[in-house]
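For reference, the structure is listed below as structure tokens.
Only the coordinates and a few stated rules stand behind these numbers; no lab work does. Note that the coordinates shown come from a computational prediction; the quantities given were computed from them, not determined experimentally. Note that we place each Cβ from the backbone using ideal geometry, even for glycine, and neighbour counts take in every protein chain shown.
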Amino acid sequence: MKFESQLLKGIAPVVVLEILSRGQMYGYELSQAIEQRSGDILTLGKGTLYPLLYNLEAKKLIKGKWQQTDSGRERRYYSITSKGKGQLAEQKAQLKELTAGLNLVFGGALTPA
Amino acid sequence: MYRLVAYLGILASIILGGMLGGILDFIAIKLACGRLGAHCCISIIYLLVGIVLGAFLGGVLAIVHVRRYTREQKEKKELAKYLASIPENAGNLIKSIIRKMRYRKKVQDDVMAELAAHFEDELKDCKTNDERQRKAQRLIEDFGDVNLLAVLLRRAKKRCRPLWRTVVAKTFQTIGVLILCFIVYCVYISLGKPTIAVNYLEEVTRLAHPVADESLNAAILYQKAIDAYNEPPLVKYETGTKEKNLLDAIQDKKWVTELTKEELASLKQWSSDNADSIELFRQASEKPHCWWKRQAKDKKDNNLLHVLMPELKSLRDITKMMVWQAKLKAYDGHPKEAFDDLLVCYRAGRHLKGPRLLIEQLVGMAIQAMAVKDMRMILCNQKVDSQSLKNLQAKLEDLAAEDTYVMSYEVEKFCALDFVQRCYTDNGRGSGHMIPGQLKSLDSDFAELVPDSKNAVLNYSLTLAMALVSANRSKMSREFEKIYSTAQEWAAKTPWQLHEENVDFEMGLDNWSSFKKVKYWPVQMLTPAMAKVSAIAYRIKTDTYATLAIIAISRYKQDKGEFPSTLDDLIQAGYLKQLPVDPWSDKPLVYKRTANGFMLYGVGSNFKDDGGQVVRDNKGKIKPYADEGDWVFWPVPK
């Protein structure tokens, strides 16, 4: 399903932070993980992914480092920082409250069956 | 092989750097010597320093470049490996994004590697080439607009840079903007044009030109006298002394008896050859007015700073001739004719005074000074009868009473205002900026600041710098007005009055901060030494009245058989109308009877009565109007 870009814009960073909070990943790995863990509902365009990663890196919410993979290739791995963890916790709390509020508005229609 | 080339490259850079360093050093030393005007030789040591520095810098740059090149080559190889493992269209997309990103090479390479790795990972499961191509094409479409992506990547990477790098980048950007603004400003001020609103040359002529008929103008006859004038001859000495111009030969001599027979003969011949000129000069001196039709070097521009006054030197030379003629006449027993000649000179000097350029006024005063000095010289060396003295005194008193002894700065101020209108733009609100190109076209006053170099860039840079630092038109004009009006105010006061008021003769110019001096550099360049110039006018006045007193004393002595006890005796006996006042004390000149006669002197510019002591130079010659000691009018100093 193609979502309104404005709808996704606000949650893309928190999604990335959540995925990275579970372990460091490189760009391709991260985009695959987002699709898998959201049940293919959420997809991050390739043109959005890397600018988003660099912006999060600039805000010091994640950090990037070139490392060798198991297959011997060099990849840039991203991991969450402590500041990123704090930000993630904050935004998760806000999303939870938002979801609760929206559920009330829509009479529970937002809760998946 | 690569190593060999790299080492050869470094060696070549060291050699070239050394050569370039030496050449630049040589040029810098030459320029420095030229600007400073110092006689300096190109020291081998300086050149060696330049060569060593150049070689060192060349070597360092070469090594840095080689290392950077080696690193880049290594990174390119690695990147090439990445791009080689993905389809060509994907590789082209990535290259296009990186190219449009326009950022630091290291960051571009990082992003390129990351995007290439992403493509590699996305395509790793494709089994056939076709499948790879199709998937690659889908990925390319998924990346979206290349330009937008490049912008987003660039922005994001810029945010990643450390604070110090941001500060440095912003600083350079700011400097770049400031430099651009500066260049635009330089172009703006260079393109300015002056508006010549006032013809100051005409104003000067109008001031000197009274409402009078041309027949009353002495300048016409003076010009005829100058045209008829013959230059002094060369004196040929029988003793084998080298030939000399007559005026040069006799310039240090005061009286006829000091002349050699060759000099005396040349003097008489010269005087005879100039009989017509002398007669015209005499007729001119009797005219009531004198005004010259002034012209500038370039008749089209009427620049007051370029005004021609060729007559001044000739008038001085004619005066020198006439004073010697007077001394010859006095020596030959014709004092009345001698004094008549000197009075002609005194009257001629008056014609150059009043609202004129300072140089004219100074020449006029110099002519008058020659006349009164030689009146005293004649009185010192010749016995003159009482009636001749009485006639001389009466005529000199009349001339002194009509004369002005106050320096006029009105016309001199016009020079400053003409400079302002020619070197500044006029924005219609009384202000404007200095125009660099105009400075070079002005008088040779500026030649020492703007050297006549063949290097147009250097010339332009210097005049541009001068224009950039100077004050705007309204401030500059106000400063000139203030200085000249103060100078005119002071000119009306005697040196003693100025001394009592503790006046700062430099008008605080010495106390100006360096910044103000630089900002108002034309003021320092164009304004004369006001105190010294105004004092000259008072010197002539003192000279004249001292001479009148000496004439009166001589008459008194001849009539009464003894010198007066005080100067008041002269007044009471009717030999003198007024006491001669010393402007350096605002009291009468000091008169003392001595064993040999009398002494008459002024206290001089130290305002102290030194008892008539004069200052001599290291050759024993009296320094007239020295800063220390007294100014003695009688006895005539030997």
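List of remarks:
- Cleavage-rule hits (trypsin sites (Lys or Arg not before Pro)) in region B:233-299: DSSP loop, at most 14 neighbouring Cβ within 10 angstrom: B:Lys236, B:Lys242, B:Lys253, B:Lys293, B:Lys297, B:Lys299
- Between helix A:82-106 and chain A there is an angle of about 20 degrees, using the helix long axis and the longest principal axis of the Cα atoms.
- Peptide ranges B:471-483, B:18-30, B:372-384 listed from the most packed, as the mean C-beta count within 10 angstrom indicates: B:372-384, B:471-483, B:18-30
- Stokes-Einstein diffusion coefficient of region B:519-597, Kirkwood radius over Cα pairs, 4 °C, 1.567 mPa s, in µm²/s: 88
- Backbone geometry of region B:191-204 corresponds, through the Karplus equation with coefficients 6.51, -1.76 and 1.60 at θ = phi - 60°, to 3J(HN,Hα) couplings of 8, x, 10, x, 10, 8, 8, 10, 8, 5, 5, 5, 4, 5 Hz, x marking Gly and Pro.
- Our coupling estimate for region B:175-190, obtained by passing each phi through the Karplus curve with A = 6.51, B = -1.76, C = 1.60 and θ = phi - 60°, is 4, x, 5, 5, 5, 4, 4, 5, 5, 4, 5, 4, 5, 4, 6, 6 Hz, Gly and Pro reported as x.
- Shielding by partners, peptide A:43-55 (average Cβ within 10 angstrom, other chains): 6
- For the segment A:57-70, counting C-beta atoms of other chains within 10 Å of every residue's C-beta and taking the mean gives 2.
- Local electrostatic count at B:Arg356 - Lys and Arg +1, Asp and Glu -1, tallied over other residues with Cβ under 11 Å: -1
- Selected from B:Ala546, B:Ser513, B:Thr527, residue furthest toward positive end of dipole (region B:508-554; charges at beta carbon): B:Ser513
- Evaluating kT/(6 pi eta Rh) at 37 °C and 0.692 mPa s, with the Kirkwood radius of region B:106-238 over Cα pairs in the Stokes-Einstein relation, gives 130 µm² s⁻¹.
- Chain B: relative contact order as a whole-number percent, Cα under 8 Å and 6+ apart: 9
- Simple point charges give the picture: +1 on the Cβ of Lys and Arg, -1 on the Cβ of Asp and Glu, and for region B:480-587 a dipole about the Cα centre of about 360 debye.
- Packing rank of B:560-573, B:50-63, where each peptide gets the mean count of other beta carbons within 10 Å, highest leading: B:50-63, B:560-573
- Overall dimensions of region A:5-106 by Cα: Rg and Dmax, Å: 14.5, 52
- Between the amide H of B:Arg593 and those of B:Met599, distances stay under 5 Å, these residues lying 5 or more places away or on another chain, with hydrogens modeled in the peptide plane.
- In chain B, the longest principal axis of the Cα atoms and the axis of helix B:456-469 are about 80 degrees apart.
- Ranked by the mean number of other Cβ atoms within 10 Å of their residues, highest first, the peptides B:163-171, B:593-601 fall in the order B:593-601, B:163-171.
- Neighbouring partner chain Cβ atoms per residue of B:109-118, average, 10 Å criterion: 4
- Look at the dipole of region A:5-106 built from charges on Cβ: of A:Gln67, A:Leu42, A:Val14, the Cα furthest out on the positive end belongs to A:Gln67.
- Rounded tilt (10° steps) of B:2-36 against the dominant C-alpha axis of chain B: 20
- Residues whose placed amide H lies under 5 Å from that of B:Gln295, excluding near-sequence neighbours: B:Leu308
- Short to long, the 20 Å bins of the Cα pair-distance histogram for chain B hold 13, 31, 24, 14, 11, 6, 1, 0 percent of all pairs.
- Histogram of C-alpha separations across the protein assembly as shown, 10 Å bin width, %: 2, 9, 13, 13, 11, 9, 8, 7, 6, 7, 7, 5, 2, 1, 0
- For region A:5-106: relative contact order, % (alpha-carbon pairs under 8 angstrom, 6 or more apart): 28
- Based on Cα contacts under 8 Å between residues 6+ apart, region B:2-148 shows a relative contact order of 23 percent.
- Formal net charge of residues neighbouring B:Thr260 (Cβ-Cβ distance under 14 Å; K, R +1; D, E -1): -1
- When the charge dipole of region B:92-180 is built from unit charges on Cβ atoms (+1 for Lys and Arg, -1 for Asp and Glu) and taken about the Cα centre, the candidate among B:Leu152, B:Phe119, B:Gly176 whose Cα reaches farthest toward its positive end is B:Gly176.
- Between the C-alpha center of region A:44-113 and that of region B:260-314 there is a gap of 100 Å.
- Each Lys and Arg Cβ is given +1 and each Asp and Glu Cβ -1; about its Cα centre, chain B then shows a dipole of about 3500 debye.
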